[in-house]
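Step one of this worksheet: look at the structure below.
The values are calculated or read from the model by the stated rules, or taken from the named source; none is laboratory data. Model, not experiment: these values are computed from the prediction. Neighbour counts run over all protein chains shown; Cβ positions are idealised from the backbone, glycine included. Just the protein is used for accessible areas: all its heavy atoms, side chains included, with ligands, DNA and RNA removed. Shrake-Rupley method; radii C 1.70, N 1.55, O 1.52, S 1.80 Å.
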Amino acid sequence: MSLAAKGVLGKMWKATILWVLLTLEPSEGLFRSLYGNVRVCSPSHGDPGQPLFLTPYIKSGKIQEGKQLSLVGPFPGTNVKSYSGYLTVNETYNSNLFFWFFPAQENPNDAPVVLWLQGGPGGSSMFGLFVEHGPYVVNKNLTVRARDFPWTVKFSMLYVDNPTGTGFSFTDDARGFAASEDDVARDLYSALTQFFQLFPEYRKNDFYATGESYAGKYVPAIAYYIHLLNPTAKVKINLKGVAIGDGFSDPETIIGGYPGFLYHIGLLDEKQKKYFQKQCAETIKYIKQEKWRKAFEIFDSLMNGDLTSYPSYFQNSTGCSYYFNFLRCQEPEEEKYFGYFLSLPEVRRAIHVGNLTFHDGSEVEKHMWADWFKSVKPWLAEIMNNYRDLQNWGLQNEGYDVTPSSQDPKDPKPKSLGKSIASSPEPTLILDSIPCGDKVTTTEDPERKVLVIEIPGPVQGSTIRNRILSMEVSVEKRRDHLFVVAPRTMGPFLLTFPHDSRVCVSLPLCPQYSA
């Protein structure tokens, strides 16, 4: 069944802060380059064991045996229960998705099951596990330590290398690679239904599909697929919502906001911003004409420099080769450690991947080139109208408000899909009107069951409304820009700013708030 055929046109809110590259040939890729420098080698010594394929156990009804075999032994110094292995999603092409599942450390019987998908396309979810929010952090000496605040404490986390050909996932036939979001959703749905047969005790738990960057397409795709098939499915998935970080869901909208974003955070001056605007407008023109190659060539010279022998315009303008965190110009060395860790034979044996190749995602990228600039806005709108959603774009974008999950948490339907700040009736934050370092004050709004957060300032009506649990947000000034800084554990929030403000919002922004 085609997802596109079931697409429902609807409003979709805001632009995001990221952009995409498209090519007909393999390249590092704008999103995958965050993960593409990780190198995982097949071990030349030691015993890596054998890969574990769980689909035969599920089909033959040997559930307990398969589940027991998938149990991952604890690593030295840690004791986190987990399961891993392969689920076959296409027997014709021998396509298999690798998963690593961590039951919640607290109240696993009732904790939500959260699916995590990395971006790319072709980025392994092992990045999310080891670098972002899993229970383990890899040290330089390739030992692991417990993360201070992992998601696995409160949630049962399911990390999947998606789509086929990503990380430890693989296929034996070129036709087994995904070429569209329909393909991604079909294979992922097969893996999920098998997972819940292997772990039936979690079927009743709330289920959330989550991910970041290019997974801003994967998440709506799988959620919409579940939404369509659940009514008649034998194995129902208790979908309750989605969460997307800096998602690349609607490229045409996103790209137009990028010049303003770079200007707002001080990486471009006025002249450079105008050049970016011109080039982005050209890219959008070719997207509308579906001239994917031409769109890529323009944006590649602007941002990535894959097709040229000289640095991109972005690198020449900023001096930075790393554009995923504007506080760091170069890729952090520690983000590569987990690749070396996954190369160890004892680790491969523990997680049941044997001597199989860890793929860098280049083949995935090549097969999905026609998908890059396509939008999943209709699917996302349908999900937002029927389930809970949290979309964290992290940084304010020119001309739009940043409004993740603005509804009452007890009401699964969003009240609004967003609006332009220029016409917003909400109070706005006026720059240079707030003393740096001041702490905000919070007051309860019992009727709406939220907290209203007000930043003190000489300008009447300067507020930030913030729907969170119970936390302080601090304000500081850096490089002539005002920053709103909040803890990483901050929940759904609403921030509004005037259209012409130079504002940066981050979760967190400053090192002292890092987990």
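From the list 316, 325, the lone residue that is open to solvent by 30 Å² or more (accessible area, probe 1.4 Å) and farther than 20 Å from residue 282 by Cβ is 325. Taking the criterion of being touching a residue at least 24 places away in the same chain (Cβ under 8 Å) and either in a helix (DSSP H, G or I) or of a type in the set (Asp, Glu) (or both), the residues of the stretch 264-278 that qualify are 264, 272, 275, 276. Residues of the stretch 220-241 that are of a type outside the set (A, V, I, L, M) and either open to solvent by less than 10 Å² (accessible area, probe 1.4 Å) or outside any helix (DSSP H, G or I) (or both): 220, 224, 234, 236, 238, 240, 241.
None of 61, 77, 46 is assigned to a loop (DSSP other than H, G, I, E, B), more than 14 Å from residue 347 (Cβ to Cβ) and not aliphatic (A, V, I, L, M) except 61. Exactly one residue among 267, 239, 262, 229 is modelled with pLDDT under 90, in contact with a helix residue (DSSP H, G or I) (Cβ under 9 Å, 6 or more places away or on another chain) and over 27 Å from residue 365 (Cα atoms), and that residue is 267. Taking residue 125 as meeting all but one of (1) in contact with a helix residue (DSSP H, G or I) (Cβ under 8 Å, 6 or more places away or on another chain); (2) within 14 Å of residue 161 (Cα to Cα), write down the number of the exception. Of everything listed in (1) in contact with a helix residue (DSSP H, G or I) (Cβ under 8 Å, 6 or more places away or on another chain); (2) within 14 Å of residue 161 (Cα to Cα), residue 125 misses just condition (1). Applying the condition of being of a type in the set (D, E, K, R) and within 26 Å of residue 329 (Cα to Cα) to the stretch 258-301 and asking which residue is most open to solvent (accessible area, probe 1.4 Å) yields 271. Only one of the listed residues (164, 152) is under 23 Å from residue 183 (Cα atoms), open to solvent by less than 20 Å² (accessible area, probe 1.4 Å) and either out of contact with any helix residue (DSSP H, G or I) (no Cβ under 7 Å at 6 or more places or on another chain) or not acidic (Asp, Glu) (or both). That residue is 164. I'd like the residue in the stretch 182-219 that is in contact with a strand residue (DSSP E or B) (Cβ under 6 Å, 6 or more places away or on another chain) and outside any helix (DSSP H, G or I) and, out of all such residues, is surrounded by the most Cβ atoms within 10 Å (Cβ to Cβ). Within the stretch 182-219, the match that is surrounded by the most Cβ atoms within 10 Å (Cβ to Cβ) is 209. The residues of the stretch 131-159 that are closer than 20 Å to residue 240 by Cα, of a type outside the set (Phe, Trp, Tyr) and outside any strand (DSSP E or B), listed by number, are 152, 153, 154.
Taking the stretch 64-80 as the range and being out of contact with any Lys or Arg (no Cβ under 9 Å at 6 or more places or on another chain), modelled with pLDDT of 95 or more and open to solvent by 20 Å² or more (accessible area, probe 1.4 Å) as the test, the residues that pass are 64, 65, 67, 68, 69. If you go through the stretch 302-313 and keep only what is open to solvent by 60 Å² or more (accessible area, probe 1.4 Å) and assigned to a helix (DSSP H, G or I), you end up with just 313. You will find that of 382, 346, the residue that is under 21 Å from the mean Cα position of the chain (by Cα) and at pLDDT 85 or above is 382 and no other. Evaluated against (1) open to solvent by 10 Å² or more (accessible area, probe 1.4 Å); (2) on the phi > 0 side of the Ramachandran plot, residue 120 falls short on exactly one condition, (1).
Kindly evaluate residue 252 against the criterion of being in a helix (DSSP H, G or I), touching a Phe, Trp or Tyr at 6+ places or on another chain (Cβ under 9 Å), open to solvent by 30 Å² or more (accessible area, probe 1.4 Å) and not β-branched (Val, Ile, Thr). Yes; evaluated as a whole, the condition is true for this residue. Screening 165, 128, 85, 122 for residues that are assigned to a strand (DSSP E or B) and of a type outside the set (A, V, I, L, M, F, W, C) leaves exactly one candidate, 85.
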